[in-house]
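Taken together, the values in this text are just the output of simple stated rules run on the coordinates, not laboratory data. Values in this document were obtained by computation on a predicted structure and should not be read as measured data. Positions of Cβ are backbone-derived with ideal geometry, glycine not excepted, and every protein chain shown enters the neighbour counts.
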Amino acid sequence: MTRLLLIGPPGAGKGTQAVRLAEAYGVPAISTGDIFRSNVKNETELGKQAKAFMDAGDNVPDSLTNALIRDRLAEADAQGGFLLDGYPRTADQVRELDEYLAGHGEALDVVVELVADPDVVVERLRKRALEQGRSDDDESVVRHRLEVYREQTEPLIDIYDERGLLVKIDALGAIDEVTARITDALSGRGIGLPDAATA
């Protein structure tokens, strides 16, 4: 039972690492960004509401996000653990997640913070915008997203640090190197890779 939270600024590589870690530890990666983008692409009611906020570089409101995450965590594949990417992003969402997990006799095991220089992040995202055609990756939107992150999400780092759950990881470097840093840090917290992943 591994319950992880991956936190870090836009462009720090959370999505890439989330997929790798989820596979390594045998848990689903639950990404609010992916869920929102899927809804936008399929033009669902949630997607239409979320798109306006995403295109402006703002966080989707807590009420929409909380409902979505509660539904996702209730699915069968998340019962044996999960990796959250992009949630919680605000103190209110932390409370919502705490309440949900406590109601199921669960709690987070570790919070992994990916640390990256803002200028490197902006360059990464500009490149991604060109490659993937993402409207939320133009430079002015990216800089706004970084500002939103600093204002709303960085305070969560202090919350989890005070609880003794936080592990800081340098997010710059080769993808394999960053993954190895994370798995080493988790191992130091008593969360080893399942035998199948190390065989």
Q: Can you list which of the GluC sites (Glu not before Pro) found in region 63-111 are DSSP loop residues with at most 14 other C-beta atoms within 10 Å?
A: E75
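Can you bin region 14-66 into rounded, prolate or oblate? Criterion: square roots of the alpha carbon gyration tensor eigenvalues sorted a ≥ b ≥ c, rounded for a/c under 1.5, prolate for a/b above b/c, oblate for the rest.
Details: a/c = 2.40, a/b = 2.17, b/c = 1.11.
Judged from the Cα gyration tensor, region 14-66 comes out prolate (a/c at least 1.5, a/b above b/c).
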Q | Set of lysines near K51 by C-alpha distance (under 29 Å), chain-local residues within fewer than 8 positions excluded | A | K14, K41, K127
(Q) Can you tell me which of L108, L68, L21 moves the most in a GNM of the chain? Springs connect C-alpha atoms under 10 Å apart. (A) L68
**Q.** Amide N proximity, region 87-116 versus I159 label position 7 Å along Cα-to-Cβ, cut-off under 12 Å
**A.** 87-100
Q. Going by a ≥ b ≥ c, the root eigenvalues of the Cα gyration tensor, does region 131-180 fall in the rounded group (a/c under 1.5), the prolate group (a/b larger than b/c) or the oblate group?
A. oblate
Q) For region 158-166, what does the Karplus curve 6.51 cos²θ - 1.76 cosθ + 1.60, with θ = phi - 60°, yield as ³J(HN,Hα) per residue in whole Hz, taken in order and with x for Gly and Pro? A) 5, 4, 6, 5, 5, 7, x, 9, 7
Q. For region 109-199, what class follows from the C-alpha gyration tensor (a ≥ b ≥ c being the square roots of its eigenvalues): rounded when a/c is under 1.5, otherwise prolate if a/b is larger than b/c, else oblate?
A. oblate
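In region 26-156, how does Rg compare with the Kirkwood Rh, expressed as the Rg/Rh ratio over alpha carbon atoms?
We get a ratio of 0.96 for region 26-156.
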Q. Short version: ³J(HN,Hα) in whole Hz for each residue of region 98-103, in order, from phi by Karplus 6.51 cos²θ - 1.76 cosθ + 1.60 (θ = phi - 60°), x for Gly and Pro, what are they?
A. 4, 5, 4, 5, 4, x
Q: Go through region 113-126 residue by residue and turn each phi into a ³J(HN,Hα) via Karplus (6.51, -1.76, 1.60, θ = phi - 60°); whole Hz please, and just put x for glycine and proline.
A: 9, 8, 9, 8, 5, x, 5, 5, 4, 4, 5, 4, 6, 5
